[in-house]
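Colleague: If you scroll down you'll find the structure; I have some questions about it.
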There are 2 protein chains.
Amino acid sequence: MYKVDKEYKDLLKQTAKKMHLPVQKLAEKKNPEFRGDYQKKCDKIVDLETAVINCGLKDGMTVSFHHHFRNGDKVVNYVMNKLAQMGFKNLHLAASSLTDVHAPLIDHIKNGVITQISTSGLRGELADSISHGLMENPVIFRSHGGRAAAIANDELHIDVAFLGASSCDYMGNANGYSRTSEEKSICGSLGYAMVDAEYADKVIILTDNIVPYPNAPFAICERDVDYVVEIASVGDSSKISSGAIRDTKNPHDLLLAQTAAKVVANSPYFKEGFSMQTGSGGASLAATQYIGEYMKEAGITARFALGGITSHMVKLHEEGLIKRLLDVQSFDMIAAQSLKNNRFHQQISGNEYANPFEPGSAMNLLDVVILSALEVDVNFNVNVLTGSDGIIRGAIGGHPDTAKGAAMSIIVCPLLRGRIPCVVDKVTTLITPGETVDVIVTDRGVAVNPARKDLLECLQDAKIRLRTIEDLRDEAYSIIGEADPLPFGDKVVGVVTSPEGAVLDIIKNIVE
Amino acid sequence: MYKVDKEYKDLLKQTAKKMHLPVQKLAEKKNPEFRGDYQKKCDKIVDLETAVINCGLKDGMTVSFHHHFRNGDKVVNYVMNKLAQMGFKNLHLAASSLTDVHAPLIDHIKNGVITQISTSGLRGELADSISHGLMENPVIFRSHGGRAAAIANDELHIDVAFLGASSCDYMGNANGYSRTSEEKSICGSLGYAMVDAEYADKVIILTDNIVPYPNAPFAICERDVDYVVEIASVGDSSKISSGAIRDTKNPHDLLLAQTAAKVVANSPYFKEGFSMQTGSGGASLAATQYIGEYMKEAGITARFALGGITSHMVKLHEEGLIKRLLDVQSFDMIAAQSLKNNRFHQQISGNEYANPFEPGSAMNLLDVVILSALEVDVNFNVNVLTGSDGIIRGAIGGHPDTAKGAAMSIIVCPLLRGRIPCVVDKVTTLITPGETVDVIVTDRGVAVNPARKDLLECLQDAKIRLRTIEDLRDEAYSIIGEADPLPFGDKVVGVVTSPEGAVLDIIKNIVE
């Protein structure tokens, strides 16, 4: 107790009023029950059903997920099964990406549990079904930067985020690795999940590894977390580097990678302190090692590498050739381990990576990005989402973001894939506009965007086989012949948005 | 270009309308001027005057500062001189704390540049002048947790934050140390500044060390930064551990520290995985080493240490006795260097540390906190702000936050300081209510709050000289005699708020 007389009390009140502040009542005593065992009071660990109920999830709301475990993800199916069991309908599933492993969502769509999907990509059975008209509402496809911006601008409002984590303490400090005990599942960076954690109304962390408080360092701070749910497994780490980010030994891919590296090494951007990114796809990822050889030869180092970080990047970092790794997504287990162990390997959020409305986004500071393609066309437009059969089988990822952000964007793409031409008159689906694409590297030659005369000049003396894009297309068509028109129906099954959030293209259903 | 026919264009428009999205216009081309030299476009580095003008600072607005350089701070005076030169008036200066070095602010108060101050503490000439009635408006004193909460709740709205940093890249990624080159000034954690960076309308980083992008890891992300200003020096690191956080060799202080450690070691909280904090003040800081000896003897480790992190804490951390350091403020150069080099030494923001409205605040998970006092009274109330002469000469800091949050709060305080009794009938200024204080350790015995019978029992067998608080007061008064009433005037010069933001006490002017 602090005893004061009436006069003093009046003065306190008077001062408080003048300062627009309340007057302190009795000092609150500590609750003896929680002394020395505060966890009792503040434990956020509950079961999934309780978490969902307490978060106030309702029919029609938007639930979100990250894809850091890629094809090893176990969270999306687990949570959606539970939500279906609980009787929810008409949900909007907003994932940073979806892939083969998410085929079970087909049933939830058929049953009306999910009626809207937003994602960066779709693959496998789910993609196939959607391409054939499974959903009433078209899927909205966003780039990684576009999704981060849409969430930050509240165009994509997340009601409840369900975020898998490789470690979490009972207060919600979460990470994509564990520094306390060996993690059951490691995914490395939680860069895309960091956006959901920051902006979602409610955040539930799912983890298979509860560690003692404080789980420091952390990717997601307990301040942003409402509940923690322990489950058997959040993901199979061995499947992170499957599919589009599998390491290649294909000699055609390695040739593309070597040529891309040669283009980099002969560009004006290849100088001390430059920066680089390689997107998914075997040839793109493989380019790093060849660039590393050029760097050693020339005696220069890169200031940073960005994006999906790979074991190749880590190797150059550990050799001192790349000073900093900015990791929005770890593309393999070695990258995830490096994030855990290398102090200069830093995880960054989707907004720090590629928000188109933030000038400080790291993509804007890129000198060089090397990206893959399913198709390119004579106007340098790129398609990474639909196959030559018109069916969805890819992901936008950070493709249009980094192509626009980087000083030089290089697309690696074979002229033909089997009996399919990859350099065409017009891409099936527009993902990355040709205005932001600088060089196309094929196994039959390299085409430079005519808008980049400066690059053309640099590459002319570099013993690189330079051709026009039309020339490449003509060769492709001369071997295979022009493809028949695709059997598109009249239903719009997908909407492709630009990073800035406008409709760039649509995808129609396939009729067979 | 991506050419489409009219029919297709209509379908795009129609779909966009249905999805409530705009249609993409022409793809924006890259601006050739910035290719490979994006810094040209995005450089946030300007001079201070330009930064101030561009931030739209106006008379009557609130400007904020951090005190991580403590008495070595060079930012507050530098910026306020510039704002005075620029002709600003009627500013509200909201610093996380102010100290001796800020005496030059007196002139800015006299000239009407500053008409309101919010701070955790005041010392030296500035404090003396304010105690004598320098300002029209009373100074609002907040605890560190209270300030973070007031900013988060927009009770304390910051228009422009001026934040000193030991390293910063041209995009604004800032830190209290440098991992690129040797820093001119190191302060370690930027924990209090992180709050300002998150919530202020505009943020200006001042630095004496521009480093290449990306300055990773960073405390403050470029997303939160508007401008970067390079100045000759942001602070004198050697003065961080001066004043209230100077290491003590005083035998009286060491005796208090030893006794406090004994209390800790004999409490029920001293067990594997416990957590601790020591506040400023020689005896409090010195207690860590003695607790470390008890830990070694008993073979137990602490899960974390919190707060102002000291070299003593770092030593125990490096010996494996403290698993994690949660650092809101580095109390000395060794702590700052450790934050730079030890991966499990993590900086946390003022909100993560001690926001009273966030259950996850680390203070709530504290088992033990050891704190200093200028005065304690028979109701266990504590004063850390005003001296026995009634003049402001201290800081609230995290005192009331951690006293309330911790399972056991221990106050170390000599019975007498020279001819001044420190255990009194009633503290001059109420800072930490007795309801949240558990043990008072003096050089003449230890008093346990009667509300903590459980602790009293634990300590009875511990060869600790236990006395009632009244007994201690009587001894103090019997040696010195009761003090004369202080010469307070009628003007309210300071308002003390509780962590929750209510008026707890007022400070009146001193008349001489």
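Colleague: Cross-link list A:74/B:17; A:82/A:110; A:110/B:18; B:426/B:508; B:58/B:491: which exceed 24 angstrom alpha carbon to alpha carbon? If you can, show how the numbers build up before the last one.
Modeller: Values: A:74/B:17 35 Å; A:82/A:110 16 Å; A:110/B:18 22 Å; B:426/B:508 16 Å; B:58/B:491 29 Å.
Going by Cα-Cα distance, A:74/B:17; B:58/B:491 fall outside the 24 Å limit.
Colleague: So if I place +1 on the C-beta of Lys and Arg and -1 on the C-beta of Asp and Glu, and nothing else carries charge, what would the dipole magnitude of segment B:41-239 be about its Cα centre? I want it in debye, nearest 20.
Modeller: I would put it at about 160 debye.
Colleague: Now for a different question. So, R0 is 35 Å and r is the distance between the beta-carbons of residue B:471 and residue B:272; what FRET efficiency does that work out to, to 0.05? If you can, show how the numbers build up before the last one.
Modeller: Details: r = 36 Å, r/R0 = 1.01.
Efficiency for this residue pair is about 0.50.
Colleague: Hey, another quick one. Just going by the charge dipole of segment B:41-239, with Lys and Arg at +1 and Asp and Glu at -1 on Cβ, which of B:126, B:149, B:80 is farthest out on the positive end?
Modeller: B:126
Colleague: Using a 10 Å cut-off on Cβ to Cβ distances, tally the other chain neighbours for every residue of B:169-176 and report the average as a whole number. Provide the component values of the computation, followed by the final result.
Modeller: Details: counts 2, 2, 6, 1, 4, 0, 0, 0.
Average neighbour count from other chains, rounded to a whole number: 2.
Colleague: At what distance in nm do the modelled label points of residue A:482 and residue B:252 sit from each other, each positioned 7 Å from its Cα along Cα→Cβ?
Modeller: Taking the two extended label points, one gets 9.8 nm.
Colleague: For residue B:58 and residue A:315, FRET efficiency with R0 = 60 Å and r from the beta-carbon atoms, rounded to 0.05?
Modeller: Given R0 = 60 Å and the Cβ-Cβ separation, E is 0.65.
Colleague: Let me ask something additional. Could you tell me whether chain A comes out rounded, prolate or oblate from its Cα gyration tensor? Rule is a ≥ b ≥ c as square roots of the eigenvalues, rounded for a/c under 1.5, then prolate if a/b exceeds b/c, otherwise oblate.
Modeller: Because a/c hits 1.5 or more and a/b exceeds b/c, chain A counts as prolate.
Colleague: In addition: Taking amide hydrogens as modeled 1.01 Å from N in the peptide plane, which residues meet the under 5 Å criterion relative to residue B:394, leaving out close sequence neighbours?
Modeller: Result for residue B:394 returns B:122.
Colleague: For segment B:287-303, just list the computed ³J(HN,Hα) in residue order, Karplus coefficients 6.51, -1.76 and 1.60, θ = phi - 60°, integers in Hz, with x standing in for Gly and Pro.
Modeller: So the Karplus estimates, Gly and Pro as x, are 4, 3, 5, 6, 4, x, 5, 4, 5, 4, 4, 7, x, 10, 10, 9, 6 Hz.
Colleague: I'd like the mean, over residues of A:504-511, of how many other protein chain beta carbons sit within 10 Å of each residue's own Cβ.
Modeller: Shielding by partners across A:504-511 averages 3.
Colleague: Within 10 Å of each candidate Cβ there may be at most 16 other Cβ atoms; applying that plus a DSSP loop requirement, which chymotrypsin sites (Phe, Trp or Tyr not before Pro) in segment A:350-385 survive?
Modeller: Qualifying residues, ordered by number: A:357.
Colleague: Enumerate the amide H contacts of residue A:165 below 5 Å, restricted to partners 5 or more residues apart or on another chain; note that Pro and chain-start residues carry no placed amide H.
Modeller: Long-range HN contacts for residue A:165: A:206, A:207, A:208.
Colleague: In square nanometres and to one decimal, what's the mean projected area of the convex hull around the Cα atoms of segment A:243-485?
Modeller: 12.3 nm²
Colleague: Segment A:170-230 to segment A:262-335: how many Å between their Cα centroids?
Modeller: 28 Å
Colleague: Which whole number gives the average count of other chain Cβ atoms within 10 Å of the Cβ atoms across peptide B:278-286?
Modeller: Rounded to a whole number, the mean comes out at 0.
Colleague: Considering only C-alpha atoms, what is the centroid distance from segment A:88-111 to segment A:384-442, in Å?
Modeller: Segment A:88-111 and segment A:384-442 have Cα centres spaced 26 Å from each other.
Colleague: Right, here's the next one. Just which residue of chain A brings its Cβ nearest the axis of rotation onto chain B, and by how many angstrom, rounded whole?
Modeller: Spelled out as residue then distance in Å, it is A:343, 3.
Colleague: Once the label point is placed 7 Å from Cα along Cβ, list for residue B:13 the distances to the corresponding points in the other copies, in nm, shortest first.
Modeller: Between copies, matching label points for residue B:13 lie 6.8 nm apart.
Colleague: Report, in cubic angstrom per residue, the convex hull volume of the C-alpha atoms of the protein assembly as shown.
Modeller: Value for the protein assembly as shown: 162 Å³ per residue.
Colleague: What size of dipole, in debye to the nearest 20, comes out for chain B about its Cα centre when the only charges are +1 on Lys and Arg C-beta atoms and -1 on Asp and Glu C-beta atoms?
Modeller: 1540 debye
Colleague: Moving on to the next point. With θ set to phi - 60°, apply the Karplus curve 6.51 cos²θ - 1.76 cosθ + 1.60 along segment B:66-79 and write out the HN-Hα couplings as whole Hz, x wherever there is a Gly or Pro.
Modeller: Karplus values, whole Hz, x for Gly and Pro: 10, 10, 5, 8, 6, 6, x, 4, 10, 7, 4, 5, 4, 5.
Colleague: If you look for lysine pairs in segment B:210-326 that are eight or more places apart or on different chains, how many of them have Cα atoms under 15 Å apart?
Modeller: For segment B:210-326, qualifying lysine pairs total 7.
Colleague: Sticking with the crude label model, points 7 Å out along Cα→Cβ, report the distance from residue A:155 to residue B:25 in nm, one decimal please.
Modeller: Placing both labels 7 Å beyond Cα along the Cβ direction yields 1.5 nm.
Colleague: Residue farthest toward the positive end of the dipole of chain B, with Cβ of Lys/Arg at +1 and Asp/Glu at -1: which of B:382, B:439, B:60?
Modeller: About the Cα centre, the residue reaching furthest to the positive side is B:60.
Colleague: Oh, and also: Find the relative contact order for segment A:106-155 and round it to a whole percent, using C-alpha pairs within less than 8 Å whose residues are 6+ positions apart.
Modeller: In percent, rounded to a whole number, it is 42.
Colleague: Can you classify segment A:41-239 as rounded, prolate or oblate using the Cα gyration tensor, where a ≥ b ≥ c are the square roots of its eigenvalues, rounded means a/c under 1.5, and otherwise it's prolate if a/b beats b/c and oblate if not?
Modeller: Judged from the Cα gyration tensor, segment A:41-239 comes out prolate (a/c at least 1.5, a/b above b/c).
Colleague: Going by amide H atoms built from the backbone, whose H comes under 5 Å of the H on residue B:416, apart from near neighbours?
Modeller: B:422
Colleague: Using a 1.4 angstrom probe on heavy atoms only, work out the carbon and sulfur share of the accessible area of chain A in %.
Modeller: 49 percent
Colleague: A further question on this structure: At what distance in nm do the modelled label points of residue B:201 and residue A:11 sit from each other, each positioned 7 Å from its Cα along Cα→Cβ?
Modeller: Distance between label points: 3.6 nm.
Colleague: Accessible area per residue, 1.4 Å probe, Å², for the protein assembly as shown: what's the number?
Modeller: 35 Å²
Colleague: What is the Cα convex hull volume of segment B:306-348 when expressed per residue in Å³?
Modeller: Taking the convex hull of the Cα positions in segment B:306-348, it is 52 Å³ per residue.
Colleague: To test your reading of the geometry: what angle, between 0 and 90 degrees and rounded to tens, separates the Cα axis of helix A:469-480 from the longest principal axis of chain A?
Modeller: With rounding to tens, the tilt is 70 degrees.
Colleague: List the distances, in nm to one decimal, from the label point of residue B:482 to the label points of the same position in every other copy, shortest first, placing each label point 7 Å from Cα along the Cα-to-Cβ direction.
Modeller: 10.7
Colleague: Can you compute the FRET efficiency between residue A:462 and residue A:300 using 1/(1 + (r/R0)^6), with r the Cβ-Cβ distance and R0 = 25 Å? Round to the nearest 0.05. Kindly include the intermediate steps, with their values, before the conclusion.
Modeller: Working: r = 17 Å, r/R0 = 0.67.
Result of the calculation: an efficiency of 0.90.
Colleague: Can you spot the aspartates and glutamates whose alpha carbon is less than 14 Å from residue A:25's alpha carbon? Ignore those fewer than 8 places along the same chain.
Modeller: List returned: A:10, B:435, B:500, B:505.
Colleague: Quick one: what are the phi-derived ³J(HN,Hα) couplings along segment B:190-204, Karplus 6.51/-1.76/1.60 with θ = phi - 60°, whole Hz, x for glycine and proline?
Modeller: Values, residue by residue: 10, x, 6, 5, 4, 5, 4, 4, 6, 10, 5, 4, 10, 10, 10 Hz.
Colleague: Moving on. Among residues other than residue A:280 whose Cβ falls under 12 Å from its Cβ, what is the net charge (Lys/Arg +1, Asp/Glu -1)? Write down the numbers at each step before the final one.
Modeller: Values: positive: A:70, A:123, A:246; negative: A:247, A:332.
Every neighbour counted, the sum reads +1.
The values are calculated or read from the model by the stated rules, or taken from the named source; none is laboratory data. Nothing here was measured: the structure is a model prediction, and the numbers come from that model. Heads up, the Cβs are rebuilt from the backbone with ideal geometry, glycines too, and the neighbour counts pull from every protein chain shown. All accessible areas refer to the heavy atoms of the entire protein, side chains included, with ligands and DNA or RNA removed. Shrake-Rupley method; radii C 1.70, N 1.55, O 1.52, S 1.80 Å.
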